[in-house]
Amino acid sequence: MNSVAEWRAVSKRYRGVTAVENVSLVLAAGEATALVGHNGAGKTTLIKLLLGLIRPNGGSVLIGGTDPAGSRGAQARRAIGFLPESVAFHDAMTAHELMAFYARLKGEARQRNTELLARVGLADAAHRRVATYSKGMRQRLGIAQALIGEPRLLLFDEPTSGLDPASRRDVYEMIDTLRGSGATVLISTHALAEVEHRVDRVAIMHRGRLLAAGTLVELRQGVDADVCIRLRLRPCTTGQLLAALPAGVRCAERSESALTLFAAPAAKMKALRAIAQAGDFVEDVELAAPGLQELYSHLVGAAEAAT
């Protein structure tokens, strides 16, 4: 794996409180990684460590082999574009003026600023004061400033916060384009269903620890999460089928002609055999592998049970 940035056995403590403990994670070139977890899970601390804003108490943080908080950290940080969760801009300035300001801070030319604003859908509002912007427009402006200088590492903290569904789709299409151009993207988010099919890898944090990291396929292989079985049946036959199902299968939804079931891995094949033997009143069967929300819930539940 061609590493662009990594945390190596990193720990961070604040006055006796452990924010991150022994986390090792690699961000590979051209990949998008989702960093997911509840508030206080350690996601923001990991991002601050990568930005060089804080130093670890143990382990190391590297961007292209360089410590972002070290003597050559300024050069390493030039490769980063960052969108914070809560963007704050001077209301009296226009988007055009703000982009020029951030370009100067980054030591970049301003020629591409107009193109970047158009890319995030703000071309027509570029000369309006930010005070007139909606939350969604401010979020778009935040994304535009993160793209100044074509950084090869992009850190997006809740990038779709405050955006409508169409704008959320546009953001992820933009992320796809960036990834296709070779950029590495880290997305810190709570929107598990939204990000599930938009990233290459997922890293799940809980109480400062990394519970699991990998592709969805890899996460599924390491977790005995329930399988979802959706059935369409002839009307008034759902009770008959439920009575034939083995232990380890629970009904999540039931109507006159449909069932949504969750089967434990050990009960999956028994459940499918029972469904196959049910006769012609079963009209359709759909199997769904555990999604990111189910995997997250299973891993967090197991971690809680172990403490």
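The values are calculated or read from the model by the stated rules, or taken from the named source; none is laboratory data. Treat the numbers as computed from the prediction; the structure is a model and nothing was measured. Neighbour counts are summed over all protein chains in view; Cβ atoms, including those assigned to glycine, are modelled from backbone coordinates with ideal geometry.
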| Here is a list of conditions, (1) part of a loop (DSSP other than H, G, I, E, B); (2) buried (at least 16 other Cβ atoms within 10 Å of the Cβ); (3) among the small types (Gly, Ala, Ser), and Gly40 meets all of them except one; can you say which number that is? | (2)
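Of the residues Leu116, Leu83, which is without any contact (Cβ under 8 Å) to a residue 60 or more places away in the chain and either of a type in the set (A, V, I, L, M) or outside the structural domain of Leu178 (by TED's automatic domain parsing) (or both)?
None of the others qualify; the one that does is Leu116.
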| Which one is modelled with the highest pLDDT among residues in region 111-130 that are under 17 Å from Asp170 (Cα atoms) and part of a loop (DSSP other than H, G, I, E, B)? | Leu122
| Any residue in region 119-142 that is in contact with a strand residue (DSSP E or B) (Cβ under 6 Å, 6 or more places away or on another chain) and touching a residue at least 40 places away in the same chain (Cβ under 8 Å)? | yes
| remark: Taking region 100-132 and keeping residues buried (at least 17 other Cβ atoms within 10 Å of the Cβ) and among the β-branched types (Val, Ile, Thr) leaves Val120, Val130
| For region 1-37, how many residues are in contact (Cβ under 8 Å) with a residue 24 or more places away in the chain and part of a loop (DSSP other than H, G, I, E, B)? | 6
| message | Of the residues Arg169, Arg179, only one is part of a helix (DSSP H, G or I), within 28 Å of Ala289 (Cβ to Cβ) and touching a residue at least 12 places away in the same chain (Cβ under 8 Å); which? | response | Arg179
| said: When you check Arg209 against the structure, is it at pLDDT 90 or above and basic (Lys, Arg), yes or no? | reply: yes
| field | Residue satisfying condition, being under 35 Å from the mean Cα position of the chain (by Cα), more than 30 Å from Leu154 (Cα to Cα) and either free of Cβ contacts under 8 Å to residues at least 60 places away in the same chain or surrounded by 13 or more Cβ atoms within 10 Å (Cβ to Cβ) (or both), within set Ala288, Ala244, Ala258, Ala191 | value | Ala258
| task | Identify the residue in region 17-41 that is touching a His at 6+ places or on another chain (Cβ under 8 Å) and of a type in the set (Gly, Ala, Ser) and, among all such residues, is farthest from Thr189 (Cα to Cα). | result | Ala41
| field | Subset of region 151-173 (residues that are over 14 Å from Val185 (Cβ atoms) and among the acidic types (Asp, Glu)) | value | Asp164, Asp170
| request: Might you check whether a residue that is at pLDDT below 95 and within 14 Å of the chain's Cα centre (by Cα) occurs anywhere in region 47-64? | output: no
| message | Of the conditions (1) out of contact with any helix residue (DSSP H, G or I) (no Cβ under 8 Å at 6 or more places or on another chain); (2) outside the structural domain of Thr18 (by TED's automatic domain parsing), Ala191 satisfies every one except a single condition; which number is it? | response | (2)
| Can you spot a residue in region 290-303 that is among the hydrophobic types (A, V, I, L, M, F, W, C) and not in a helix (DSSP H, G or I)? | no
